[in-house]
Amino acid sequence: MADALRNLLEVRDLHVAFRTSRGKVQAISGVSFDVAPGEVLGVVGESGSGKTISLLAVMGLITDPNAEITGSIRFRGKELLGASNKELRSIRGREIAMIFQDPMTSLTPVYTIGWQIAEQVRAHGPETAKQARDRAVELLTAVGLPNPGEAVDRYPHQLSGGMRQRAVIAMALSCNPALLVADEPTTALDVTVQAQILDLLARLRRDFGSAIVFITHDMGVIAEIADRVLVMYAGRVVERANKRDIFLEPRHPYTHALLQSIPPITGDRPRRLKSIAGTPPSLFAMPSGCAFGPRCTSRVAACSAVPGLTGEPAHQAACFVTGMR
Amino acid sequence: MTVAPLLIAKNVSKCFTVGSRFSAGGVKVVHAVDDVSLEVRPGETLGLVGESGCGKSTLGRCLTRLYEVSGGEILFESEDIARKTTAQLRPMRQRMQMVFQDPYASLNPRRRVGDIIAEPLRVHHADRGTAKIAARVRELIDLVGLAPDHIERYPHEFSGGQRQRIGIARALALEPKLLVLDEPVSALDVSVQAQIVNLLADLQERLALTYIFIAHDLSVVRQVSNRVAVMYLGSIVETGDTEQVFRAPQHPYTQALISAVPVADVRRDGRTARIVLTGDVPSPINPPSGCRFHTRCRFAQDSCKTERPLLTASSTVRAVACHFPLATPNSA
């Protein structure tokens, strides 16, 4: 597991807490995962499950002075937690790039997209302004933006949502990153545009060999793009396995229920959807024991303690009832 | 078949103007809804699907007359509501209500849940008296699966799913016949989404409601609708029985839209059937000539660029706006 040469990224026992006026809030509790070169790791969970926060911690982007981050985050064997801003800057953007849900959060409205991509290129390389601009056109071509020579001089507001997301992906790819962190990159897009972006990411992974961590709440997208899957609930990893096992033999009741609650697009329509009772817990009022306990139909007495991940390394689940199978 | 439709829209259009005569290019007209005709029968759910900007929400707001329509007729229980004044519409509003997408924006944060739900009752049944209204609020709270102690709380104390229940309770307060649901579950988490979908199904059965369900999520629309209408750039391109439309789409756009939905099933290879549309939805300010979809259509021919296909019935329940509709396996 802990083979430093095999894994690009190794996260061990990551905890993130925030001190707030209402007391300390534990956003992430003991999250561990690896990303191998060239693989796509899907991270699924509902809002508030901690999927974004754990990846922001990896990127060193939690700057809140009230945050407490402990654990270990190793990228190519190098510890990132506690690294200086200067060290992080040389890795971020160059070796690890990030794409956010709303492309407008990563684009400034006052410069053309060509300028913004060129800035990123020049920040990490020796290119001249002219070369950087040519590289921007090249990247916009690679992500399939129609008419790249003209689009390079457009401002973000002149592009559609799908085109903006392509521009952001072009920016993220400018330094051929070894790891691409994509946080809900298609959630704000229409399905036909989402299909284009998913195809693009699959192609880029083939052509550039980048590993991708893909955060989403959509099981359909996971089925489409991921190799391995982490399921998160209330700040913990509740199940991890390869994609096939997650979909065909889910072990955690939450994963199982999540899959059941999706209305099917083909086949017979169920008369009623199987829903999960209740709502995900608030970080301020976390249930003691298994966080999914109050909503779980398989709950037993043992669930009043917090379950750890059990099972063979390739398929683990954090459940006293079904995890051991 | 003998039952008269609850709502009939005939050639409804809605234009917005953008810009001013001083801005570059002058005043432009956006044809948000362009010549749409549809019928909604009592007790059924009509799903309106399409991508963002296709005009589905605008159409929903036209049908409930939250927007003035630019052209066409809307018959609600055989009365034309398209030309009624606000005062004339007021009594009719009780019979058609709307539920909105964003449960965070559609509830006044400074009012208690009980007041939010009681508001339509106070407006329309001022004569009923406080006690009766309070009793009705308790009844509604119970109906949507909330607890009586929620009445005294404020919206910020609730999760997204619970807020959507409050929005539904408010819409049901006046015992409407028709509910227009504009993306009612798209802001919710999957596990909560299923709860609301089930709640809407239960309410429809118990209260004999008719729904117009507007959503971009095709699998949700398939789950809830009896019939669907697929919109593209302001017009309906295909309409028919939900099962039929999803199993054998006749319009190339419907086919591409359905194939683009990622399927949460690893056994089938979703990629093989995927039809990836190139390009973006054209601007409704300057829509393409002829068939509006021809710029992205795999089967487009010369006639598609000049002649606009009309929505023509291909069977008694099915209509498609395409010069070259796709053949269906069982009824070609």
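The values are calculated or read from the model by the stated rules, or taken from the named source; none is laboratory data. Quick caveat, the model's predicted, so the values are computed rather than measured. Here the Cβ positions follow ideal geometry from the backbone for every residue, glycine too, while neighbour counts run over all protein chains shown. When the accessible area is computed, the model is the full protein with side chains, heavy atoms only, and any ligands, DNA or RNA have been set aside. Shrake-Rupley method; radii C 1.70, N 1.55, O 1.52, S 1.80 Å.
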*Inside the stretch B:215-252, can you point out the residues that are aromatic (F, W, Y) and either under 16 Å from B:E39 (Cβ atoms) or at the interface with another protein chain (Cβ under 9 Å from one of its Cβ atoms) (or both)?*
B:F246
_Looking at the structure I just gave you, is A:E46 of a type in the set (D, E) and away from chain B (no Cβ under 14 Å)?_
no
_Condition (residue is more than 13 Å from every other protein chain (Cβ to nearest Cβ), in contact with a helix residue (DSSP H, G or I) (Cβ under 6 Å, 6 or more places away or on another chain) and either under 30 Å from B:P284 (Cβ atoms) or open to solvent by 20 Å² or more (accessible area, probe 1.4 Å) (or both)) applied to the stretch A:122-130: is it met by at least one residue?_
yes
*Residue in the stretch B:133-145 that is surrounded by 14 or more Cβ atoms within 10 Å (Cβ to Cβ), touching a Phe, Trp or Tyr at 6+ places or on another chain (Cβ under 9 Å) and among the charged types (D, E, K, R) present*: no
*Considering each of A:A241, A:A291, A:A302, A:A277 in turn, give the residue that is under 23 Å from B:A147 (Cβ atoms) and either more than 9 Å from chain B (Cβ to nearest Cβ) or open to solvent by 70 Å² or more (accessible area, probe 1.4 Å) (or both).*
A:A291
_Exclusive hit being open to solvent by less than 40 Å² (accessible area, probe 1.4 Å), within 14 Å of chain A (Cβ to nearest Cβ) and in a loop (DSSP other than H, G, I, E, B), set B:P288, B:P262_ = B:P262
_Counted residues, the stretch A:34-54 - those being open to solvent by 10 Å² or more (accessible area, probe 1.4 Å) and more than 11 Å from the chain's Cα centre (by Cα)_ = 7
_Residue match in the stretch A:103-119 (condition: open to solvent by less than 70 Å² (accessible area, probe 1.4 Å), at pLDDT below 90 and of a type in the set (V, I, T))_ = no
_Tally, over the stretch A:157-183, of residues that are open to solvent by 20 Å² or more (accessible area, probe 1.4 Å) and either closer than 26 Å to B:S219 by Cα or within 13 Å of chain B (Cβ to nearest Cβ) (or both)_ = 6
_First in the stretch A:248-269 and hydroxyl-bearing (S, T, Y), second anywhere and open to solvent by 60 Å² or more (accessible area, probe 1.4 Å), Cβ under 9 Å, 6 or more apart_ = A:S261/A:K274; A:T266/B:R247; A:T266/B:R268
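For (1) among the polar types (S, T, N, Q); (2) open to solvent by less than 10 Å² (accessible area, probe 1.4 Å); (3) closer than 28 Å to B:C297 by Cα, each residue gets a yes or a no:
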position	(1), (2), (3)
B:L207	no, no, no
B:A215	no, yes, yes
B:V224	no, no, no
B:A229	no, yes, yes
B:S235	yes, no, yes
B:E243	no, no, yes
B:F246	no, no, yes
_The conditions are (1) within 25 Å of B:P5 (Cβ to Cβ); (2) open to solvent by 70 Å² or more (accessible area, probe 1.4 Å); (3) hydroxyl-bearing (S, T, Y), and B:T130 fails exactly one of them. Which is it?_
(1)
*Subset of the stretch A:144-156 (residues that are of a type in the set (G, A, S) and crowded, with 19+ Cβ neighbours inside 10 Å)*: A:A151
*If you scan the stretch A:187-212, which residues turn out to be touching a residue at least 12 places away in the same chain (Cβ under 8 Å), within 13 Å of chain B (Cβ to nearest Cβ) and open to solvent by 40 Å² or more (accessible area, probe 1.4 Å)?*
A:T187, A:A188
_From the options B:V36, B:V69, B:V27, residue that is under 26 Å from B:I285 (Cβ atoms), open to solvent by 70 Å² or more (accessible area, probe 1.4 Å) and of a type in the set (V, I, T)_ = B:V27
_helices (runs of 4 or more DSSP H) contained entirely in the stretch B:105-208, each with at least 1 residues that are free of Cβ contacts under 8 Å to residues at least 12 places away in the same chain_ = B:113-124, B:130-143, B:190-207
_For B:S235, only one of the following conditions fails: (1) within 18 Å of B:F293 (Cβ to Cβ); (2) without any contact (Cβ under 8 Å) to a residue 60 or more places away in the chain; (3) small (G, A, S). What is its number?_
(2)
*Return the residue satisfying two criteria in turn: it lies in the stretch A:305-322 and is in contact (Cβ under 8 Å) with a residue 60 or more places away in the chain and more than 25 Å from the chain's Cα centre (by Cα), and of such residues it is least open to solvent (accessible area, probe 1.4 Å).*
A:T322
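Suppose we keep only residues that are farther than 18 Å from B:R170 by Cβ and modelled with pLDDT of 90 or more within the stretch B:87-110. Which one would you say is most open to solvent (accessible area, probe 1.4 Å)? Let's see the steps before the verdict.
Initially, the stretch B:87-110 is screened for residues farther than 18 Å from B:R170 by Cβ, giving B:87-89, B:91.
Pick out the ones that are also modelled with pLDDT of 90 or more and you get B:87-89.
Working: B:A87: 77, B:Q88: 99, B:L89: 8 Å².
Among those residues, the one meeting the criterion is B:Q88.
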*asked:* Among the residues that make up the stretch A:55-63, is at least one of them touching a helix residue (DSSP H, G or I) at 6+ places or on another chain (Cβ under 6 Å) and open to solvent by less than 50 Å² (accessible area, probe 1.4 Å)?
replied: yes
*Please indicate, with yes or no, whether at least one residue in the stretch B:10-20 is of a type in the set (S, T, Y) and crowded, with 22+ Cβ neighbours inside 10 Å.*
no
*Out of all the residues in the stretch A:136-143, is one or more without any contact (Cβ under 8 Å) to a residue 40 or more places away in the chain, within 14 Å of another protein chain (Cβ to nearest Cβ) and open to solvent by 30 Å² or more (accessible area, probe 1.4 Å)?*
no
*In this structure, is B:G60 open to solvent by less than 10 Å² (accessible area, probe 1.4 Å) and at pLDDT 95 or above?*
no
*asked:* All but one of (1) surrounded by fewer than 22 Cβ atoms within 10 Å (Cβ to Cβ); (2) over 20 Å from B:K56 (Cα atoms); (3) of a type outside the set (S, T, N, Q) hold for B:D189; state the number of the condition that does not hold.
replied: (1)
_Single match in B:G53, B:G43 (criterion: part of a loop (DSSP other than H, G, I, E, B) and within 14 Å of chain A (Cβ to nearest Cβ))_ = B:G53
*Could you tell me which of the residues B:V276, B:V281 is surrounded by 22 or more Cβ atoms within 10 Å (Cβ to Cβ), in contact with a helix residue (DSSP H, G or I) (Cβ under 9 Å, 6 or more places away or on another chain) and facing chain A (nearest Cβ under 9 Å)?*
B:V281
